[in-house]
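**Student:** The structure is given below, and queries will be raised subsequently.
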Amino acid sequence: MTVARLKNTGRFGARRLAEPANLDIKDFKHLMRVMDRDANVALPIRPQGAATSSTDCGNSPAGTVVRMTGLDRIVNIDNYNHTVTAQAGVRIYALIEALAEHGLELIGNFEMTGRTLGGAIAAPSLGPGIGDESQSLAHSVISLKMVTGSGKPLSVNRKQANLLGAIRSSYGALGVIVEATLKVQPTSTFSATHRRMSILGFSQIVDRLTLNDVGFRFCVMPYRDRVYLDLRRYATEVSGSYSAPWKIKDWGESTVLPHMCKSLNKLLPIQSVRYRLIDSVTEATQGIVPSRFVTAGNNANSQCRTASSARRVNYSTWCFPASDFSFVIKAYQEFCRENYERTGYRCDIPAVGYRIAQDASAMLSPSFDEAMIVLQTTSTQKKGWEDFVIDLADFAEHWAGIPLFNQTRSVRADYAKQVFADRLAYFRKIRRQLDPEDRLLTPFMAQYFQ
């Protein structure tokens, strides 16, 4: 055979380099083909759920993003053993609704329920649970199936405690979660009460709230010196638990308020007038519906926030030691006011906070050592936001804040290594075993995990 003829056969032609792509995974076999080491896909590979991250944690601009929302089947709900098995693409709100039909609920209360199950396991899913039930959703995982960075299927259960702990809150750096089984519980009702107070008044009671067996969620308006506090206690005798008031409350906070702020930012150029009106509407939103109608709930009807609300706003989340929060909240008010006076930028939506219990079930848990209070700062204004979150990160570092790599903007790599210390070093060892060729390591993740 001549050289020209051999060339024309194409059998020994060079393989064309794959281009960056977003792939919608159809089933497990499809994922295995994509994750195969010989697959012609652009690297690095990043799994993605509902795309709610405020950072580049779930993106791979030069590589391949595998979207897992197509794997959305609830495999089994076991009423006897109180477990649920579901694929990684199932939305948390869909899981909540399915469990409620069986008289069951997730253990805990979680924000942004539009996230996928796989995403909520791979990156912390937190919320205002009551007492020890304010741990992350991943804490309830008793077994899971995944595909590692080297393209191998892997099943993990509670007997492999160290490995399971590494996969929980691993930010997709160890593999792509395909399916998980969680422990659930019978539906239980809690009473809900609401208070309005000054930031100083809140700082004087937050230590006692943290030590008691209650759940609490609060909204902070630092420029009005207001805190709107929701208290939750388990109760066997309540007047009723209805979903409609919770949905109205959620609709006001996650949809009406952001749209209103965006509109006023466009229509009113005078800052003093604009922010006065925004703050007045915000106070009305926080005060009317919750105090009059939201008096009882459970972990099914009180979890209403969807993923779309996260995409409408800019947000950055930090976790602070609960033991210090009486000082942190006063310092946060001072920081916001000083930053506004110096730069002219302020957030137009209240910051939201809640307590999470100590949780060592995940190697990179933000509350591994002690109970924390989560503080999520939110704004619809993009101009000036990036400078603001840099200043916020400096503030958080000063007060021993713990970042979430998918929700915390402007985290310095050196600081992350400092706060996670030996746990991060051990996590890197496991990552090198499951992904020795760094096929899942994007430049964003490499600054923390390499």
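**Student:** Between Ala284 and Arg224, what is the label-point separation in nm under the 7 Å Cα-to-beta-carbon projection?
**Tutor:** About 1.1 nm separates the two model spin labels.
**Student:** For a quick check: sort Glu437, Glu101 by the number of other beta carbons within 10 angstrom, fewest at the front.
**Tutor:** The order, fewest Cβ neighbours first, is Glu101, Glu437.
**Student:** Okay, moving on. So how far, in whole Å, is the C-alpha centre of region 326-345 from the one of region 29-61?
**Tutor:** A separation of 39 Å, based on Cα centres.
**Student:** For the charge dipole of region 189-413, defined by +1 on Lys and Arg C-beta atoms and -1 on Asp and Glu C-beta atoms about the Cα centroid, which residue among Leu264, Ser316, Gly297 has the Cα displaced farthest towards the positive pole?
**Tutor:** Comparing the listed Cα positions along the dipole, Leu264 ranks first.
**Student:** Something else now. Nearest 10 degrees is fine. How inclined is helix 199-211 to the longest principal axis of the chain, computing both from alpha carbons?
**Tutor:** 60
**Student:** Val184's amide H: which non-local residues (gap 5+, or another chain) put their own amide H closer than 5 Å, with H modeled 1.01 Å from N in plane and none for Pro or chain starts?
**Tutor:** It is Thr83, Val84, by chain and number.
**Student:** If you don't mind, there's one more thing I want to ask. Pairs to check: Lys152/Lys429; Lys159/Lys429; Lys183/Lys247; Lys29/Lys145; Lys145/Lys429. Give those whose C-alpha atoms are more than 24 Å from each other in this structure.
**Tutor:** The pairs that break the limit, which is 24 Å between Cα atoms, are Lys183/Lys247.
**Student:** Oh, and also: Taking amide H atoms as placed 1.01 Å from N in the peptide plane, list the residues 5 or more away in sequence, or in a different chain, whose amide H sits under 5 Å from that of Thr189.
**Tutor:** So Thr189 has HN proximity to Ala235.
**Student:** OK, next. HN-Hα J couplings of region 53-67 from phi, Karplus 6.51/-1.76/1.60, θ = phi - 60°, integer Hz, Gly and Pro as x?
**Tutor:** Listing the rounded values in order: 4, 8, 10, 8, 4, x, 10, 8, x, 9, x, 10, 9, 9, 8 Hz.
**Student:** Right, next: Quick check of the Kirkwood formula: for region 89-171, what is the inverse mean of 1/r over all pairs of different Cα atoms, in Å?
**Tutor:** 13.5
**Student:** Which FRET efficiency value, to the nearest 0.05, is calculated for Ala400 and Gln160 with the Förster distance at 30 angstrom and r the Cβ-Cβ distance?
**Tutor:** That pair, Ala400 with Gln160, gives E of 0.40.
**Student:** Please determine, in degrees from 0 to 90 and to the nearest 10, the orientation of helix 385-398 with respect to the longest principal axis defined by the Cα atoms of the chain, where the helix direction is its Cα long axis.
**Tutor:** In the chain, helix 385-398 runs at an angle near 80 degrees to the longest axis.
**Student:** Continuing with the same structure: Taking amide H atoms as placed 1.01 Å from N in the peptide plane, list the residues 5 or more away in sequence, or in a different chain, whose amide H sits under 5 Å from that of Arg46.
**Tutor:** Counting only residues 5 or more places away or on other chains, the set is Thr64, Val65, Val66.
**Student:** Fewest first, what order do Thr52, Thr189 take by the number of other Cβ atoms within 10 Å?
**Tutor:** Ascending number of Cβ neighbours within 10 Å: Thr189, Thr52.
**Student:** Would you mind checking the tilt of helix 413-434 against the longest principal axis of the Cα atoms of the chain, expressed as 0 to 90 degrees and rounded to 10?
**Tutor:** The two axes meet at around 40 degrees.
**Student:** Among Val214, Val256, Val178, which comes first, then next, by fewest other beta-carbon atoms within 10 Å?
**Tutor:** Val256, Val214, Val178
**Student:** Per the helix-only calculation at 222 nm, which mean residue ellipticity applies to the chain, given -39500 (n - 2.57) for every DSSP H run of n ≥ 4 and division by its residues, nearest 500 deg cm²/dmol?
**Tutor:** Mean residue ellipticity, 222 nm, calculated: -11000 deg cm²/dmol.
**Student:** Using only the alpha-carbon atoms of region 189-413 as identical scatterers, what base-10 log of I(q)/I(0) does the Debye formula give at q = 0.09, 0.10, 0.14, 0.17 Å⁻¹?
**Tutor:** -0.36, -0.45, -0.92, -1.39
**Student:** Assuming 1.306 mPa s and 10 °C, estimate D for the chain with Stokes-Einstein, Rh taken as the Kirkwood radius over Cα pairs, in µm²/s.
**Tutor:** It diffuses with D of about 69 µm²/s by this estimate.
**Student:** Label-point separation (nm) for Asp38 and Lys383, each offset 7 Å from Cα along Cα-to-Cβ?
**Tutor:** So the label points at Asp38 and Lys383 sit 5.6 nm apart.
**Student:** Further question on the same structure: Give, in nm to one decimal, the length gained when the segment between Gln450 and Ile205 is fully stretched (0.36 nm per residue of separation minus the Cα-Cα distance).
**Tutor:** That works out to 84.0 nm of additional length.
**Student:** Quickly work out the Glu19-to-Ile390 label distance, labels modelled 7 Å from Cα along the C-beta direction, and quote it in nm with one decimal.
**Tutor:** 3.5
**Student:** Something else now. For Glu341 and Lys183, FRET efficiency with R0 = 56 Å and r from the beta-carbon atoms, rounded to 0.05?
**Tutor:** Working from the Cβ atoms, E equals 0.70.
**Student:** Moving to a separate point now. When the Karplus curve 6.51 cos²θ - 1.76 cosθ + 1.60 is applied with θ = phi - 60°, which whole-Hz ³J(HN,Hα) does each residue of region 36-45 get, with x for Gly and Pro?
**Tutor:** So the J values, rounded to whole Hz, are 4, 4, 8, 5, 8, 10, 6, 9, x, 9.
**Student:** Over the chain, what is the relative contact order in whole percent, taking alpha-carbon pairs under 8 Å and six or more residues apart?
**Tutor:** Over the chain, the number comes to 19 percent.
**Student:** Could you work out how much longer the chain between Arg73 and His259 gets when fully extended? Use 0.36 nm per residue separation minus the Cα distance between them, nm to one decimal.
**Tutor:** Net length gain for the segment: 63.7 nm.
**Student:** Same structure again: Run the numbers for Arg196 and Tyr426: contour at 0.36 nm per residue of separation, minus the present Cα-Cα distance, in nm.
**Tutor:** 78.4 nm
None of the figures in this text is laboratory data; all of them are computed from the coordinates on show. Keep in mind the model is a prediction, meaning the values are calculated, not measured. A quick note on method: Cβ atoms are made from the backbone with ideal geometry, for glycine too, and the neighbour counts reach across all protein chains shown.
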